[in-house]
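For reference, the structure is listed below as structure tokens.
The values are calculated or read from the model by the stated rules, or taken from the named source; none is laboratory data. Everything numeric in this text was worked out from a predicted model, so none of it was measured. Here Cβ is always computed from backbone atoms with ideal geometry, including for glycine, and neighbour counts include all displayed protein chains. Heavy atoms of the whole protein, side chains included, go into the accessibility calculation; ligands, DNA and RNA do not. Shrake-Rupley method; radii C 1.70, N 1.55, O 1.52, S 1.80 Å.
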Amino acid sequence: MTHFRKILIANRGEIARRIMRTARAMAYRTVAVYSDADRDMPYVGEADQAVPIGPAPATESYLSVERILAAARRSGAEAIHPGYGFLAENAVFAEACATADLVFIGPPAAAIRLMGNKASAKCRMREAGVPCVPGYDGADQGDETLAAEAAAIGFPVMVKAAAGGGGKGMRRVGDAARLMDALRGARAEAEKAFGSGELILEKEIDGPRHIEIQVFADQDGNTVHLGERDCSIQRRHQKVIEEAPSPALGAALRAAMGAAAVAAARAIGYVGAGTIEFLLASDGQFYFLEMNTRLQVEHAVTEMTTGIDLVEWQLRVAAGEVLPKRQEEIASHGHAIEARLYAEDPEANFLPQAGRLVAWEPPAGAGIRVDDGVASGLTISPHYDPMLAKIIAHGETRELARRRIIAALEETVALGIATNRRFLIGCLSHPAFAAGAVDTGFVDRHLPGSDRAVPDGRLIALAAAVFDHRSAEHSDGVAPGWRSLRSLAGPMLLKSGETKFAVEIARESTGRRRVVGQGGARSVEIVAIAGSRIRFLCDGLAETAQFARDGDVLHLSLGEATAAFEDVLLAGSAAAAGASGNAAVAPMTGTVSLVRVRPGDCVRKGQCLVILEAMKMEHEIVAPRDGTVAAVLVSQGEQVPTRKPLVELAPEAAA
């Protein structure tokens with residue numbers, strides 16, 4: 001038996017919190033490491049101890065073997081859990097832990113090194129009798145050899161980096177004319193990402209599913225599998241939705257793939273948690289793809305269906321214990337689906353997003369689990385993976401799990417930064433997904449990209465009502481220098497993204513507003529505001545939306561729709577007043593319909609100075625403070641641009 005009491009987690013975010021949760025339950029003390037960018041992240045404060053390890057760039061912090069080992073020495077940790085990503089599949093790091101007399105909670109370095117190279121991994125798998133995708137993984141990397149091998153395989157072929165994964169260094173080549181460009185591009189990308197330009201070629205399997213088998217082995221040679229996960233929903237060759245069990249596997253195929261995965265793990269003397277990944281062709285044939293020698297991001301769906309804590313098993317195996325269960329004792333119950341919530345913009349080719357997460361409230365409810373690493377007010381760093389959280393749902397049937405995860409995503413509050421929440425709901429709601437008809441081409445076929453979503457009429461009307469509600473409650477502090485005619489009817493110009501929405505709003509009765517815009521008239525009543533939730537009536541239908549304010553910007557979420565709004569008139573007037581307390585400035589381009597003051601007039605704060613007509617609406621431009629009119633800079637009928645000074649007040653000292 002190997003004894004350790006304190007575990008350093010060489011990772012960050014949600015996986016660090018996940019490991020801590022089990023470690024605490026097993027009475028281990030935990031040590032977090034953090035870069036300068038992660039100082040305020042939740043996992044740092046939740047650990048028993050935390051050690052700074054350097055600047056934000058991962059190469060100078062989380063990927064630095066020396067800094068991680070120094071943190072272990074400083075904290076007195078006897079074991080290191082690498083999580084996933086960063087150093088989790090780094091054989092040099094595993095060896096360095098052993099040299100430093102630290103328990104590495106992962107597989108032997110030899111297994112990591114062998115399976116970290118696709119060429120050597122496929123060779124060993126063929127020797128073990130595990131079926132592999134037809135292709136070429138030889139030592140001769142010359143262009144002529146690769147071209148000849150590609151022709152022998154038959155197009156289309158996949159060009160892949162032998163080292164690494166995650167879609168980097170991968171190209172699909174449809175014909176010989178495009179091969180050379182693909183080889184050059186894949187080599188360059190692989191060298192940059194993995195430090196090796198070695199390539200392999202594989203026959204493209206038409207319309208496959210991506211099926212992975214969770215394996216586990218202890219130091220005594222006992223090896224089991226815990227069933228499969230279907231990870232076919234991918235974008236840019238990276239998984240976004242996973243489920244267990246796969247709707248495509250029957251009992252016989254499940255047994256065959258499980259046996260192949262166990263054989264693969266035994267063939268390399270594996271210890272700990274690992275995943276054997278396969279491509280499942282439409283004809284039922286399956287082929288070895290690669291092995292991940294670590295815990296997987298999607299391990300939660302296996303935990304939900306088997307009731308087994310995989311991190312607990314990792315810690316037990318690392319301590320020298322035998323596996324808690326034999327193969328015949330492992331069973332699957334119900335169905336689980338996981339969705340990865342990313343800070344990314346699906347309408348911009350899933351471009352990662354960085355910025356302030358104004359509001360974060362994870363969902364809860366029957367069968368729902370959330371693994372997250374963020375909190376309201378945190379800044380999402382551009383230096384790391386943009387995943388915010390994993391939303392997992394379990395149900396007795398696949399359909400119940402699917403409905404639960406859609407509802408959970410609709411209830412998730414993630415405001416202030418673009419996310420893939422709407423995209424995930426679209427995938428999960430698609431009839432093909434509901435029918436279980438998925439493969440790795442699902443996203444490209446069914447959700448190939450769309451124009452940026454325009455807020456619907458309900459969201460626009462609600463935004464207008466919220467702005468007006470705020471103006472009514474805080475009329476002295478929200479928009480100095482501006483006051484609308486909203487006691488009867490007034491204009492509002494909302495902006496969401498690059499789109500502007502002109503609306504007119506009237507207070508019909510206490511708490512009720514009539515909002516007229518491009519989509520017609522709507523009656524909106526704000527019933528209650530509690531925390532980040534707004535209960536409202538829209539044309540008699542009661543609903544609940546999530547909201548958050550960030551300065552002058554209002555973030556709203558209703559169902560799958562999320563949008564950020566700004567009251568252009570209010571913001572323009574406030575900014576203008578803030579820029580100069582001596583002038584009333586046009587908040588937008590318009591025509592002066594009436595001038596109500598002359599030089600020398602004494603005016604009070606909020607008194608109407610000029611009426612400006614714009615977008616068929618009239619706007620009162622009011623005095624930003626008490627004072628004396630020094631000059632009227634416009635005349636009736638004059639066209640004025642945005643931020644044009646209209647009336648100037650004498651300096652306060654001379655008033």
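P(r) tail for the chain: Cα pairs beyond 47 Å make up 30% of the total. Taking the helices alone, the chain has a mean residue ellipticity at 222 nm of -8000 deg cm²/dmol, built from -39,500 (n - 2.57) per DSSP H run of at least 4 residues and averaged over all its residues. Dividing the mean sequence gap of close Cα pairs (under 8 Å, 6+ apart) by how many residues the range 146-200 holds gives a relative contact order of 36 percent. Here are some pairs, 6/122; 239/500; 6/160; 118/239; 192/239; which of them have Cα atoms lying more than 30 Å apart in this structure? Distance filter (> 30 Å) returns 6/122; 239/500; 6/160. Taking 0.36 nm per residue of separation and subtracting the Cα-Cα distance, full extension of the segment from residue 333 to residue 188 would add 47.7 nm. Model label sites at residue 155 and residue 628, defined 7 Å from Cα along the beta-carbon direction, differ in position by 8.5 nm.
A dipole drawn for the chain from +1 and -1 charges on Cβ atoms has a positive end, and of 583, 299, 406 the residue lying farthest that way is 583.
Hydrodynamic analysis of the range 9-82 uses the Kirkwood radius over alpha carbon pairs. Inserted into Stokes-Einstein at 20 °C and 1.002 mPa s, it gives a translational diffusion coefficient of 178 µm²/s.
State in Å² the accessible area per residue of the chain; use a 1.4 Å probe, count heavy atoms of protein chains only, and round to the nearest integer.
41 Å²
Within the accessible surface of the range 1-123, defined with a 1.4 Å probe on protein heavy atoms only, the carbon and sulfur portion equals 50 percent.
Here the range 1-92 is assigned +1 on the Cβ of each Lys and Arg and -1 on the Cβ of each Asp and Glu. Its dipole about the Cα centre then comes out at about 380 debye. When trypsin sites (Lys or Arg not before Pro) are flagged only if DSSP places them in a loop and at most 10 other Cβ atoms lie within 10 Å, the longest unflagged stretch of the chain comes out as 1-325.
If R₀ is 35 angstrom, what is the calculated FRET efficiency for the pair residue 348 and residue 124, using the beta carbon separation as r and rounding to 0.05? It comes to 0.30.
Dipole orientation for the chain: of the candidates 559, 49, 597, 597 has the Cα lying most toward the positive pole (charges on Cβ; Lys, Arg +1; Asp, Glu -1). Taking N as the residue count of the range 1-125, its C-alpha radius of gyration divided by 2.2 N^0.38 Å amounts to 1.06.
In whole percent, how big is the carbon plus sulfur part of the accessible area of the range 288-334, probe 1.4 Å, protein atoms only?
Exposed carbon and sulfur together represent 45 percent of the surface.
Counting only protein heavy atoms and using a 1.4 Å probe, the accessible area of residue 439 comes to about 30 Å².
Pop out the carbon and sulfur fraction of the accessible area of the range 191-240 as a percent, whole number, probe 1.4 Å. Ligands and nucleic acids excluded, carbon and sulfur reach 39 percent.
When a/c is below 1.5 the answer is rounded, else prolate if a/b is larger than b/c, else oblate, so apply that to the range 253-397 with a ≥ b ≥ c taken from the square roots of the Cα gyration tensor eigenvalues. Mind showing how you got there, number by number?
On the way: a/c = 1.82, a/b = 1.63, b/c = 1.12.
In terms of gyration-tensor shape, prolate.
With just the Cα atoms defining each centre, how far is the range 92-123 from the range 211-273? Give it in Å. The two parts, judged by their Cα centres, are 20 Å apart.
Label the range 56-195 by shape, choosing from rounded, prolate and oblate, from the square roots a ≥ b ≥ c of the eigenvalues of the Cα gyration tensor; if a/c is under 1.5 it is rounded, and otherwise prolate applies when a/b is larger than b/c, oblate when it is not. Prolate is the answer for the range 56-195, as a/c is 1.5 or above and a/b outweighs b/c.
For the range 338-392, what does the equivalent ellipsoid look like in terms of its semi-axes, each the square root of 5 times an eigenvalue of the Cα gyration tensor, given largest first in whole Å?
Working: eigenvalues 84, 39, 16 Å².
Values for the range 338-392, descending: 20, 14, 9 Å.
Per-residue 3J(HN,Hα) values for the range 353-367, derived from phi via the Karplus relation 6.51 cos²θ - 1.76 cosθ + 1.60 with θ = phi - 60°, read 10, 10, x, 8, 8, 5, 9, 9, 9, x, x, 8, x, 4, x Hz in sequence order (x marks Gly and Pro). A simple spin-label model places the labels of residue 528 and residue 251 5.1 nm from each other, with each point 7 Å out along Cα-to-Cβ.
Given a Förster distance of 41 angstrom, what is the FRET efficiency for residue 143 paired with residue 263, based on the Cβ-Cβ distance and rounded to 0.05? The computed FRET efficiency comes out at 0.70.
Quick check: net charge around residue 420, other residues with Cβ under 9 Å of its Cβ, Lys/Arg +1 and Asp/Glu -1? Don't skip to the end; give the middle numbers.
Values: positive: 235, 340, 421, 422; negative: 344, 345.
Combined, the nearby Lys, Arg, Asp and Glu give +2.
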